[in-house]
Structures are given as C-alpha cells and as structure tokens.
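For reference, the structure is listed below as structure tokens.
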Amino acid sequence: MGALKKQFSFILIMFFFVSFSQKKNDHKVNLALDSIKDSIKKFSRTDSTKAFAMATDLIKVARRESNKKLEFEGYLLIYRIYFFEKRYGEALETIERFFAFAKENDLTDELLRAYHLKSTFIIHQNGLSDLSVLSNYHDGLDYAIKSNNDLWESKFLNDISSFHLHSEDYQKALIFKKRAISKIIEANNIESYQLWESYGINLKNYYSGIVDIYLALENDDLSECYNDLLKNELKSKGFHNEFFRKQYYFNKAEINLIRKRFDLAEYHYSIAFDGDSIYKKNRGLREVLKKYCSGKVDFGKGKYETVINKFNSIDTLKIGTNGNNTIYLKDFFKILYKSYLYTGDLKKADYYFERHLLSISRKNNLNDSIKSKFIKIEREDYKRTIELQNRKRDNLILFVSLLFVILFALLYIWHLTVKKKNEKKFNLIIKRLKEKQNFLEREDYKKRKKNDIKSKIKEEIVIKLFNGLKKLEEKEYFLNKDCNSHILAKKLNTNTTYLSGVINLKYGVNFSTYINTLRIEYAIMRLKSDYMFRSYSIQSISEELGYKSPDSFVKYFKKRTGLLPSYFINKLNSTEDV
C-alpha cells in the first residue's frame, strides 16, 4: 500500500511539475493527467476504497494549488467509481456536485462535459424515453451556443436529433441532424476535434445517424447518398473503425430491404455480423440482432413461418422500448403479428398486435396525444391489413368458385359433345346392321386392281381359299381362342403367305384385323339381338368372342366402333325402338 501511495504521489508531483513548468505543452499535461486517471481506474475495478482515496487526494492537491480544472477531474473520477460500483444515488449526487462546481467556476469545457455526462446517466437509468434527457440536451445546446463552442453545439444538436429519431419524429430528427452536420463541418479543422471523438463528436457518427433517419423515412436514395459519405469519411481515416465499417454494411442491407433486393440485403447483413470484435462484451446481443435482421429478410421474401420460428426463439422479455437493460427492436412485434396474420393465425396476430401497441404506449418521450395518434395509426393499419387479407381470401374463394364453374361448364360441354358423337356413332352402327352391310366388304376393295400378290397366286387358288374362308366364317371359327394364321392356313391346306395375301386382296386388311373385325361384327349383332348376352360381364363377353383378356376386347371394340362396349350395351338397353 505504501509503495502504491508513493507511486501515486510521484505521478501527482510530475503532473504539477509539467503543468507549471511547461504550461504551453498541453500534450505533456494531458499525458500526466491520463496516468493519474489510469491509476485510479485500475483500482476502481479491484479496490474501490483505494481508488476513492486516490481521487480524494487528487481533489485536495487541486484545491491546494487552486487548480479548478483538476478539481473537476477529481469529482469526475469519484463519479465514475460510484457508477462502476452501481452506487447510483451517490453517483447522481456527485454529478450535481461537479455540475454546480463547473458553473460556479465558469469552467466552460467542463460544464459542457457535465451536461453530456448527466444525459448519459439519465439514459442509463431511465432510458432514452425520459423527457428530462431532451431538456438537458437543450440546456447544453444553449450553453454551447453562448460559449461559441461549435464542436459541442454540433454534439448536442446530434443528441437532440437522436432523441427525436427514437421518438419517431423523423422530421424534427432530420432538422437537428442537418444542423449538427453543418456545424461539425465548420469545426472539422479545429485542433481539438480529434480529442472529442470519444464523445461521439465526429462526422462518422453524424453521417451514420442521418442514414438511420432516411431509412426510417424509407428514402433509399438519400440513405445511400449519406452512407457513401460515411464510407468516404472512413476511407479518409483508413477505414479502420470496425464499428462504423460494420454500420456501413448494415446500412447497405437496410437500403436493399427497402428496394426489395432481399438476397443483397442478406449478403450485406452477413458482412455486418461477421466476426464478433464489436460484440465481445455482449455476444447474446449479436445473436438476437442477427435473428431479427434475418427475420426481416425472410418477411420480405414472404417466408412467414420462418419469421415466426426465428422471432419466437428470441426472449421477448428482453425487448424493450427505452434501452434500459433491454434491446430496442423497432418493428419486432409488428413483423411478428403480421407474420401470424398472413399465416391465418388471427389469435396470435391479435396477441402480438397488442404487444406492439403496448411498446408504443411505454415510450415515455411521447406525450399522450402523440401516443394516441401512433396507436390510432397502428390500429387503422392493422384493420386495413386484416381487410386486405379477408379481401384476398374472398377473391381466392371467388376465383376458385369461378374456376370450378368454368371447369364444370367445360366438362358439361365436353360431355354433351362426346354424347352427341357417341349417339351418332351408335346410330350409324344400327343403320348398317339394319341394311345388312358387311363391314369387310367395301366398294373400294371390290374395285382394287390386282396387286403383285395376286399375280403370284393362281386364280383358282384364290377362289378356293376365299371360299374356304367363307365356310369358316359361317362356322364362326374366328371365335376360337386358338384361331391364328398358322392354324387357319393348315385348315385350308395352304401357307400363311397365301392366306394373308388372299385376305388382303379381298378385304384390304391384314390377318389380325380380319379376325378382330369378324369378332366385333359378331359381338355387335349378337348384342343387338340377344338381350341375355347384354347382361354378361365384359370379361364373359370377351371370352365368348375368343379374346384372352377383356382389355383386348374393349380395345378392338373401341377401335372399330369408336364406342366402349359398356356404352353400346347401355344404349341398346335404353333404346326402345332398337
């Protein structure tokens, strides 16, 4: 302990030696002060009592030397010790103390820092929704303007813009953000500019913020314009700032969501979430944000079930509206209730819609009239969405009904057309039977000239074979199952070549067609004349005709008549005058 005190005392001595002997060398003064701060911060994490004693010693020395700025730094260090120890009541008292101290001693830069630290403390305790934050920002802005400090003026303008963005008052947010950007560009060449970057006073932060506003307004062109300015600013600084580099790609993803380029959005999100260098202290936050952003892409693609699964894996108790130990996901409940609505789960849609309204009503930075306005807008949007879904459903039902009616009408027309054709075919068959026409004996074959086959067969052989065929027809030999060209040729004492040649010469068909034609002709005549035969099954009829399967009979009957055997039989039974 003694050694540490000696070390700390040595640092204090060195600080005052540097500050008084080289007052113009601000860099060395800052280095000495930083060493003191680092020592106190080190012990604030391991031994707050030692850290507090060191800070108190610093204040005593500062008082003895009448160094008001150093005394302020001492109060600031005590505040940080209390804050780190989560002794928030004492931390607030310390804020008020160094706030009053800076005012009493006309410490301009310190008072501006005090406004900033007070706002930061209120946000940590109550969230960005606390209206006293906005009041404190405006007080800080007024003082920055009064003291002609362009950097801090831009800082408070930017903070006020962020407050209005969180309140979803985008026009006000835009006005203050543009003023902040204009003011910081004016102050960009000030030597102390780099020293204040840790307070968020930098163009990268401001450009990123205005992109957020234009994204909220769904203005993709201006979002892209300012995002490119952010990129240029990063390039001028070497593109090494990991946070803003990730933010640039995150903005690109959001822009592509607006433009409905969902694959590109997914790609840029993957770059934004690649690695965990900026999420080392809170990897859980990274996973939640990844799921949320991935869900937004899926929602855009219409994958509502996937959205529901991803969002339901997020602990909704950690989703808040004010950032106090919660994650602010602006449209989480809105996307979720719409996903349930689009999948037809109205019960869940109603539940998450109410959660969405509750998240609006919990925003403390909105007065009651604005809250009521937002809630009214959301209820109207919900009502329109339900009406749209109902209209789509009704239109789908109407379309399906019309399609069914059209199909039914087409089927009915087709049925009437087929029926008419079948009746025509049936009547032609009946007419031919009445006129006792032989299906095989057609005029065009009688007038055929002798072909090569006939010239090779003697006339007396042709006559003999033809007469033999006629006798077999009369004996109904074609009804035998074993009736084929070889057996028939043997019965007629000839060969299959002569037999096929005579059949082709006389009837103009091959042997298979000749046999099938005789069988179908027989079937037609017998079905017409024999009522009992009509009562047979198709299989029994086919067996009677010599077919080995009913399918063969149906096939040839349809081929020859254009009708199914069942239709022909039913038509015969229903026709009284046949």
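The values are calculated or read from the model by the stated rules, or taken from the named source; none is laboratory data. Predicted, not measured: the structure shown is a model, and the values here were computed from it. Because the Cβ atoms are built from the backbone with ideal geometry, glycine has one as well, and the counts that use them run over all protein chains shown. We work out accessible area using only protein heavy atoms, side chains counted, and drop any ligands, DNA or RNA first. Shrake-Rupley method; radii C 1.70, N 1.55, O 1.52, S 1.80 Å.
Considering the range 520-544 alone, what residues qualify as being surrounded by 12 or more Cβ atoms within 10 Å (Cβ to Cβ), under 60 Å from the mean Cα position of the chain (by Cα) and not in a helix (DSSP H, G or I)?
none
Hey, Gly562 hits all of (1) in contact with a Gly (Cβ under 7 Å, 6 or more places away or on another chain); (2) on the phi > 0 side of the Ramachandran plot but one; which does it fall short on?
(1)
Condition check: surrounded by fewer than 21 Cβ atoms within 10 Å (Cβ to Cβ), hydroxyl-bearing (Ser, Thr, Tyr) and either modelled with pLDDT under 90 or not in a loop (DSSP other than H, G, I, E, B) (or both). Does Ser132 satisfy that?
Judged against the criteria, Ser132 is a match.
Return the pairs, sorted by first residue and then second, in which the second residue is among the acidic types (Asp, Glu) and assigned to a helix (DSSP H, G or I), the first residue lies in the range 154-175 and is closer than 18 Å to Glu218 by Cβ, the beta carbons are less than 9 Å apart, and the residues are 6+ apart or on different chains.
From the range 154-175, the pairs are Leu165/Asp212; Ala173/Asp212.
Of all residues in the range 480-509 being open to solvent by 30 Å² or more (accessible area, probe 1.4 Å) and closer than 24 Å to Ile541 by Cα, which is farthest from the chain's Cα centre (by Cα)?
Among residues in the range 480-509 that are open to solvent by 30 Å² or more (accessible area, probe 1.4 Å) and closer than 24 Å to Ile541 by Cα, the one farthest from the chain's Cα centre (by Cα) is Ile487.
Against the conditions (1) surrounded by fewer than 16 Cβ atoms within 10 Å (Cβ to Cβ); (2) over 27 Å from Leu157 (Cα atoms), where does Glu96 fall short? Just the number, please.
Among (1) surrounded by fewer than 16 Cβ atoms within 10 Å (Cβ to Cβ); (2) over 27 Å from Leu157 (Cα atoms), Glu96 violates only (2).
Just give me the residues in the range 137-150 being closer than 13 Å to Ile160 by Cα and surrounded by fewer than 21 Cβ atoms within 10 Å (Cβ to Cβ), in sequence order.
Across the range 137-150, the qualifying residues are His138, Asp139, Asp142.
Looking for whichever is among the acidic types (Asp, Glu), surrounded by fewer than 21 Cβ atoms within 10 Å (Cβ to Cβ) and farther than 26 Å from Ile160 by Cα here; the options are Glu65, Glu71. Which one fits?
Glu65
Select, from Lys103, Lys178, Lys183, Lys155, the only residue that is among the basic types (Lys, Arg) and within 30 Å of Arg63 (Cα to Cα).
Sole residue among the options that is among the basic types (Lys, Arg) and within 30 Å of Arg63 (Cα to Cα): Lys103.
Take Phe478 and decide whether it is under 21 Å from Lys548 (Cβ atoms), in a helix (DSSP H, G or I) and modelled with pLDDT of 85 or more.
yes
Answer yes if at least one residue in the range 213-236 is of a type outside the set (Asp, Glu), under 25 Å from Arg113 (Cβ atoms) and modelled with pLDDT under 85, and no otherwise.
No; the residues of the range 213-236 include none that is of a type outside the set (Asp, Glu), under 25 Å from Arg113 (Cβ atoms) and modelled with pLDDT under 85.
Residues are listed down the side, and each one gets a yes or a no for (1) at pLDDT 85 or above; (2) among the aliphatic types (A, V, I, L, M); (3) open to solvent by 60 Å² or more (accessible area, probe 1.4 Å); (4) not in a helix (DSSP H, G or I):
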| residue | (1), (2), (3), (4) |
| --- | --- |
| Gln389 | no, no, no, no |
| Arg393 | no, no, yes, no |
| Leu396 | no, yes, yes, no |
| Val405 | yes, yes, yes, no |
| Lys421 | yes, no, yes, no |
| Lys424 | yes, no, yes, no |
| Lys431 | no, no, yes, no |
| Lys449 | no, no, yes, yes |
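So which residues in the range 81-139 are closer than 21 Å to Met54 by Cα and among the basic types (Lys, Arg), if there are any at all?
Lys86, Arg87, Arg97
Among the residues of the range 99-112, count how many are in a helix (DSSP H, G or I), open to solvent by 20 Å² or more (accessible area, probe 1.4 Å) and without any contact (Cβ under 8 Å) to a residue 24 or more places away in the chain.
Final tally of qualifying residues: 3.
Just for the range 77-93: of the residues that are in contact (Cβ under 8 Å) with a residue 40 or more places away in the chain and surrounded by 21 or more Cβ atoms within 10 Å (Cβ to Cβ), which one is farthest from Lys60 (Cα to Cα)?
Among residues in the range 77-93 that are in contact (Cβ under 8 Å) with a residue 40 or more places away in the chain and surrounded by 21 or more Cβ atoms within 10 Å (Cβ to Cβ), the one farthest from Lys60 (Cα to Cα) is Ile81.
Could you say which residue among Ser339, Ser359 is buried (at least 16 other Cβ atoms within 10 Å of the Cβ), at negative phi and modelled with pLDDT of 90 or more?
Selected residue: Ser339, the only one of Ser339, Ser359 that is buried (at least 16 other Cβ atoms within 10 Å of the Cβ), at negative phi and modelled with pLDDT of 90 or more.
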